[in-house]
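Structure first, commentary second.
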Amino acid sequence: MSQMPSSQSDRNCTSCSVHAHLAQMGVSIGHYDYLVALAGNPNTGKSSVFNALTGLKQHVGNWTGKTVTRAEGGYQLQGKNYKLVDLPGTYSLLSASQDEEIARNFLLFGRPDCTIVVVDATALERNLNLVLQVLEITEKVVVCVNLMDEAGRKGLEVDTRALSRDLGVPAIPTVARTKEGLHELARTAAGVISGEIETKAKRAQPPHEVQKALDELIPMIDAFAPGLPNARWVAFRLLDGDHKVRQALLSGELATIEAAQTTTDERFSRAISIHGSQ
Amino acid sequence: MSKSLSTPQNILDRSDQLRRALDGDFRDQVVSSLYGEAQRIAERAVRRDSSNKWDLDQRIDRIVTSPVFGLPMMILILAAIFWVTILGANYPSAMIASALFSLEHQAALLFESWGVPDWITGFLWHGVFRGLAWVVSVMLPPMAIFFPMFTILEDLGYLPRVAFNMDWLFRKAGAHGKQALSMAMGFGCNAAGIIATRVIDSPRERLIAILTNNFVPCNGRFPTLIMLATIFVAVDFPPVFASIAAAGAVVGVVLIGVVFTLLSSWMLAQTMLQGEASAFTLELPPYRRPSILRILYTSLIDRTIFVLGRAVMTAIPAGAVIWILANIEAGGTSLAQHVASFLDPLGYAIGLDGVILLAYVIAIPANEIVVPTLMMVYLGADLMTELTSFDEIRALLVDQQGWTLLTAVNLMLFSVLHNPCATTILTIWRETRSARWTTIGALMPLIFAFVVTFLVATLWRALV
Amino acid sequence: MENSWTSWLFLIALAVVALLFWPKTGLFVAISRWRELRRRERFEDALKHILAWEQRRQDATPESIGGALGLVQSSALSLVADMEERDLIHSTGGALKLTAEGQRLALHVVRAHRLWERYLADDAGVPMERLHRAAEKAEHQLSSERIDALDAHLGHPERDPHGDPIPRADGSLEKDNAVPLTDWPVADIAWVTHIEDEPDVIFHQILSTGLRPGKSVRVIENTPECLVIDDGVQEHRLVPVVAANIQVAAEPVNTERPVGLRSLSELAKGEAAEVVELGSMCRGFSRRRLLDLGITPGTRIEASLDNPFGDPRAFRLRGTVIALRKDQGDQIWVRSIGEKTTTKDLSASDCYTNPEEIKRTAENAAQGISEA
């Protein structure tokens, strides 16, 4: 975990086409080697990171909830093709709002090779809440500490090394608007995928009783589904009574993200029509 | 742990038991422990330079949300945007119009010299091309000015402050403050505004926002409003104030739209969508310096070209339809005249005329082509008048077609209140998947439009 | 002109005919579908009625069903016969009993009803007095799949907004040890656990006193003519028949204003405070949203902005500015930062403090102040 990419200076690689534009949004990204998810709080410049990496031009507005649908794009690095999925911005993965469900389902069922969590350097505390939640689901995470310039203007100094150390995953400072640090980010994600950079996710210590409950459930889940990468998270969700996870467990099969998303949309429409008819 | 204990049902049952045994709210405990951890990590990673106090944002916020200046500033900013749009669009519009119409003229002459049959020349150049020319000249300049300015506001972070200022009003109407965000997006395009309602979590309040978004005049309707304001309102003012008066009139119409948004939200909340306000949590993000290049890209390529492209795509078939209607005759009058005189009684009742209603029927696919349709039907097939300035349009409308101030006022009202365009209706359906709400979303504004214009026309005729 | 008027009439006539006879959506089809729905609703309502009486250890009869559903004798009897034929109930000497299947169905409807009420109250913000009627309709339209999803979405609530226990998915029901207010000893403090929402007249009368589940009352006087209670704010005089519809218990439900604390709404502009807890009436989605935004115990929060109407207000916390409405701020309990008696280091394990402990700390703090 100590192998931080920032220490290996490789700045002369300007010819590497990080910003190479692969394909437009949607299903046209036919072949890709790796799948990278882009998560983050609303309004952290997540869309800017997405645009800068893919060369796409998603609109970036300064209001919460700007990206309300999932956008996809691609980029190329050292001969490999990466598909980047921009998830809706969320504060958390625990509530059952529509966008949180989309983001969470993708992390869980979409099985990305790596997840980049974009955080706002000016409001680190609030953003780390989401990072810790993502770390509960997957260890293959790179934290993109964006808006470093704003933080500087506000007199905040963010020590990304300390952050990496505490979180157990790499943290890369970036300014997405000027594309500063994005090359580094893409390279780090590649390193995490290949296993060159080891990650060991920090997990928040839950209260004692919760931990006891988890300790009891995790072996049961492990026994039922050996090799499930995130039994702990599944246990968490079961304790919270997550309907989707219950269903996935009962059916024995984890539904694909597409299916999960359709039901979400339909559920919303149904809620509207039923509610409206009262 | 034996395998037999680990059936899915066992796991579920045990997790249910454990959940009930947990003290207090499970979620509270988990979130608290997460935030506790986040706080500790953040404290170690962030050093705060205490000499640089972070209060520029707060100072700006104190002004833009101030009890005294907050609301007037909002209206003033809106008025300023319209004023610049009207001022800046006037001249380029006339230039584009005269260029395109002279092209039409030359091309028609050229076709004539080649011996192409008259009806082909007429259909192609006086039908399809003229529709196109109208749309481009009427729409392009205002959009190219309006969109960049609006995008600046959006990128700065002003919109959430508007939602913050307006929430109380929406709440009184039984709706959600974030509806202000979707309304703001509706200025660009109502379909985009309806998609933006996804930021509202409560299904009930989101539905209200979807159904009432139409009362925000979208960019396809601005040209109509701007034209009417310029022709009928601005003429009564000295030239120096003319554009300000026109902008004031447009803002007035927009405010009427806002009033109707609140009114219809309130009516929905009292009848079909009863309920009280849900939770309102809105982040006021820090102000960000907009990046000029991105703004130009977003507003010109993404928005202007997109909206214009859509308008052009509907203008071409609409131009063809209008030309056919205007040139195929039955019993000595054109089809267009037949339809228009059929609609005339209804049009008269609401202070408009049959041609205007015909224009609105043809413009169902896109509101942008209302003015072009009006012009083409009024001018008919054989008139070759080239209307390149507002003075000439005024002469046509007032002197030849008998428009009055009532016509102008009611057309403005009708433009703000009438049914959404086909794209918007489709978007309502996509977002709600309900035929019922789509129908209501399409018909409620139309009913509003007819009732209001009818009342205005009746009162006006009784009083004036 | 003449011509166009007749055309208009024709068009209108055409529209009316279409409205009536259109397949699938026409008025006639709609009416027959509505009748089918009504039939099922009647079934389910009758099952619910029998279940309610069984829980009160009373035997439902065709007459009681007729009374509850507003049916004449003959239709009540045919309804009972219908249900018997379908093996939902069996009758022994006039008393009606649910079969296993009938009980399952009845519990399903009750569960749907109470969860829907919970949903309407928590997420949709429908006022208390409209909940019951809305849920009466919705209970017949919800599939068990949807109910389970709703249950999870709401965080598996144990009770509906009236205080009634919600049957769990497996049909089990929490035991209720509440008694009617009329049976409560004079001078003791009672906690309202449930307000019966039928009949309407009485329910509204109770609501108008301001009593809600979770409030505490003290019985001052209990005579056959009148019951006098004190809710801490004022005295209410209730007729026993009204008071009998209020269920109370000794077990406190913690919704009172915690001692010595202020609500977030009471902060002056520019004033900072520390969050102590979220009120227990703040539930469901709205509670989760507040938690997700970082409003957790121990958080420093500062009233930052007022707006032209004074509501909502914006608060600064964890480096961000969040706008909240007053009724949300009313649910968030805070204390001034200087008021803390013990400085607690916020580490992960003791970050969450349970309400009892918070209350104790708050009481200590309050005592400290009054002594000073």
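Each peptide in C:179-186, C:47-54 gets a packing score, the mean of other Cβ atoms within 10 Å over its residues, and the list from highest to lowest is C:47-54, C:179-186.
Taking amide H as placed 1.01 Å from N in the peptide plane, A:Glu72 has its amide H under 5 Å from the amide H of A:Gly26, A:Asp86, each at least 5 places away in sequence or on another chain.
Assuming a ≥ b ≥ c are the square roots of the Cα gyration tensor eigenvalues, decide whether the protein assembly as shown counts as rounded (a/c under 1.5), prolate (otherwise, with a/b larger than b/c) or oblate. Verdict is oblate for the protein assembly as shown.
For peptide B:291-302, the mean count of partner chain Cβ atoms within 10 Å of a residue's Cβ comes to 2. In summary, the helical segments of chain B meeting the span-like criteria, namely a full DSSP H run, a Cα extent along the axis of 30 angstrom or more and a mean Kyte-Doolittle hydropathy of at least -0.5, are B:70-114, B:130-156, B:239-270, B:306-327, B:435-463. Checking the Cα-Cα distances for A:Lys80/A:Lys154; A:Lys83/A:Lys179; A:Lys244/C:Lys137; C:Lys97/C:Lys215 against a 29 Å cut-off, the pairs over it are A:Lys80/A:Lys154; C:Lys97/C:Lys215. Taken as Cα centroids, region A:116-145 and region B:177-213 sit 29 Å apart, rounded to the nearest whole angstrom. Dividing the Cα radius of gyration of region C:179-249 by 2.2 N^0.38 Å, with N the residue count, gives 0.95. With contacts taken as Cα pairs under 8 Å and at least 6 residues apart, region C:27-98 reaches a relative contact order of 29 percent.
Distant-in-sequence amide contacts of A:Gly89, defined by a placed amide H-H separation under 5 Å and a gap of 5 or more residues or a different chain, comprise A:Thr67.
With the highest mean first, a sort of the peptides C:31-43, A:232-244, A:44-56 on other beta-carbon atoms found within 10 angstrom per residue produces A:44-56, A:232-244, C:31-43. Under 5 Å between amide hydrogens, built in the peptide plane, is the criterion, and for A:Thr174 it picks out A:Val145, A:Asn146, A:Leu147, A:Met148 among residues at least 5 positions away or on other chains. Take every pair of alpha-carbon atoms less than 8 Å apart whose residues are at least six positions apart; their mean separation over the length of region C:179-249 yields a relative contact order of 44 percent. Restricting to Cα pairs below 8 Å that are 6+ residues apart, what does the relative contact order work out to for chain B? Please round to a whole percent. Relative contact order, chain B: 18 percent.
Hey, what number do you get for chain B at 222 nm if only DSSP H runs of n ≥ 4 count, each worth -39500 (n - 2.57), divided across all residues, to the nearest 500? Dividing the helical sum by the residues of chain B leaves -22500 deg cm²/dmol. Here the Karplus curve 6.51 cos²θ - 1.76 cosθ + 1.60, taken at θ = phi - 60°, turns the phi angles of region B:191-198 into couplings of 5, 5, x, 5, 5, 5, 5, 4 Hz, with x standing for Gly and Pro.
Only the coordinates and a few stated rules stand behind these numbers; no lab work does. Since we're looking at a predicted model, the values are computed, not measured. Here the Cβ is made from the backbone with ideal geometry for all residues, glycine too, and neighbour counts use every protein chain on show.
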